[in-house]
Each structure stands twice: as structure tokens, then as C-alpha cells.
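The values are calculated or read from the model by the stated rules, or taken from the named source; none is laboratory data. Small disclaimer: the values here were computed from a predicted structure and weren't measured. We place every Cβ from the backbone using ideal geometry, glycine too, and count neighbours over all the protein chains shown.
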Amino acid sequence: MKAKIWAALLAVYLVWGSTYLMIRFVVETLPPFLSAGFRFVVSGLILLAWRRLAGDAAPTGRQWRSAAIVGTLLLLGGNGLVCWAEQTVASGLTALIIGAVPMFLVIADALRPNGVRPTPRVLVGLVIGFSGIYLLVGPTADTESMPLNIFGVAALLLASLLWAIGSIYSKSADLPKSALMTTGAEMLSGGMALLLVSLLGQEWRAFDPAEVSTESWLALAYLIVFGSMIGFASYAWLLQNASISLVATYAYVNPLVAVFLGNWFAQEPLTPRILGASAIIIGSILFMNSSRAARPKPQAARRGDD
């Protein structure tokens, strides 16, 4: 089991680190919610068909409801907002802001019933981590070498929060026993939610396949095969088979992979401020996860089971 966990972590580390750059290439000529919806609907249908043919039981009605909630939070709220934000925010910077997910995981886990109360050490780590984000995007940021869009940054912070809520919810939700069947159901549900938002936002009207670049099509294909089929499937499996703190370690590696790929292949700036903020954000997460003193909330604080 330990070997499988580390193999899945490695896939999430490297594959997801590269998806930020691929998303940037996709949204250059493809609408963000439309492309993300297409990506996850295709991936979800493939996974569901594969697992049904392999003999996995189809999700029950209650499991479809749980998958729809998780898929909407992770894919519409998380990935969809990332795609939308990358129209105006560099891919490396996006990855660093999404590095706040482990911090939001701590907050979401503390607020849920029977959750884990953050220790003083973890609270200090949260303050340090958010100070790193402030250094990255605050009013003193160098907007000439690193253009910032306030709405894009806000969307990324909201994406981090929604991804954390979806991840925490999935730990106790009624989902299929097969991690891949669960992933397929979440992808299909989340993909349909993305397409609905695309429709409501009238992205279809501005979409012209003839104007889509080859680079965008190839990047979308990469996201379907690697980002979804391999990366997201690995993440969903880890959520069911590893601790939240271990799963959250992908945020140490993903931002660094994304920053350097963005610099190498898209000429995105790599300034001392970015490197310093990276060190602060990643260091704060390491600092929080090194604490072993976190404990469940006392029984007296629990709400009645319902």
C-alpha cells in the first residue's frame, strides 16, 4: 500500500504541476469553462465506461448526489475558477496562490463536525502562509514585471477554499468503493456543472473552432489524458487511502514545478519576490504539517448526530 501511495503522490506532484502551464495554453484560444467542462465530461465518461466494463458497481442515487457535490466543488469551484483566472494571471503565480489549499484544508477541517482543532503551531503556520500570499499579490507587488488582476486573484483564493471544502467533504461522503468509479462520477458531474456555467455565461456564442490554435487543442488533450485521467484519479484515490496531511503535500511541489515550467516555456517572470513568497508559503505548510499536537474537538463541543 505504501508503494501505491507514493506512486500516486508522484503522479499528482509532477502531472498537476504541469497542468497550470497547459491551462494557460488552453485558455489562450478556448473559453475557460467550456474547455474545462469538455475535458471533465470526456474523462468522466471514459472512466465510468471502463470501470463498468471491469465489473465495478454503478453508483447508487445517494452516491451520485455525493459525487455531484464533490465534483461541483472541486471542478467547477476549484478547477473552473483556475481556468477563468489564468486568462489574466500567470500560470506560475496561479500555482503559488493555489498553494494556499493546504491552509484552507486546515480551516475547513477545523470547522466541520468532529474536525481537528488547529494547534497554536498550526495557527502560526497559517499566519506565515497567508503573509507569503500577501507578499506575492499585495499592494507592494511589482505589477510591472508580474501583472496582477484583482478579480483573478480573488477567484484563485475562492477556488482554494472550494477545493478544500470539497476535499474534506469527500472524506466522509457516501461514494462508490472504487476510487476510479468515484473519480468518473465526480468528473462527469463537475463537467456538466462547468458546461452549464459556460452556457449561462454565453461562452458558446464567442466560440469558433476555426480560431482555436493547435497549441490549445494539444494542451487540452494533455489535460484530459494526464491532468484528469491520471492526476485527478490519483488524487481521488489518495483522498480515500491516505491522510489529508499527506495528500496536501502535493502543494509543496506543484507550485515549484509550475513556476519553473512557466518561466522556461512561457517566459513568465521569476523574480526574487516570487521565489521569496514561494519559500514562505511552502515553508509554512511544512511547518504546519510537522506539528503532531493537533487533536479532535472535545466531545462536549460536538453537535448531535443527524
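Laid out as a table, the results:
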quantity	calculated
Any chance Ala219 is in contact with a helix residue (DSSP H, G or I) (Cβ under 7 Å, 6 or more places away or on another chain) and either modelled with pLDDT of 90 or more or assigned to a helix (DSSP H, G or I) (or both)	yes
Residues within the stretch 167-225 that are touching a Gly at 6+ places or on another chain (Cβ under 7 Å), within 24 Å of Leu21 (Cα to Cα) and polar (S, T, N, Q), tallied	1
Verdict on Gln63 being assigned to a loop (DSSP other than H, G, I, E, B), touching a residue at least 12 places away in the same chain (Cβ under 8 Å) and either touching a Lys or Arg at 6+ places or on another chain (Cβ under 8 Å) or not charged (D, E, K, R) (or both)	no
Ala110 being assigned to a loop (DSSP other than H, G, I, E, B) and either small (Gly, Ala, Ser) or within 16 Å of the chain's Cα centre (by Cα) (or both)	no
Scan of the stretch 11-23 for residues that are modelled with pLDDT of 95 or more and touching an Asp or Glu at 6+ places or on another chain (Cβ under 8 Å), ordered by number	Ile23
Leu158 being part of a helix (DSSP H, G or I) and not hydroxyl-bearing (Ser, Thr, Tyr)	yes
Residue ID - surrounded by the fewest Cβ atoms within 10 Å (Cβ to Cβ), chosen from residues in the stretch 42-96 that are within 22 Å of Leu194 (Cβ to Cβ) and of a type in the set (Ser, Thr, Tyr)	Thr88
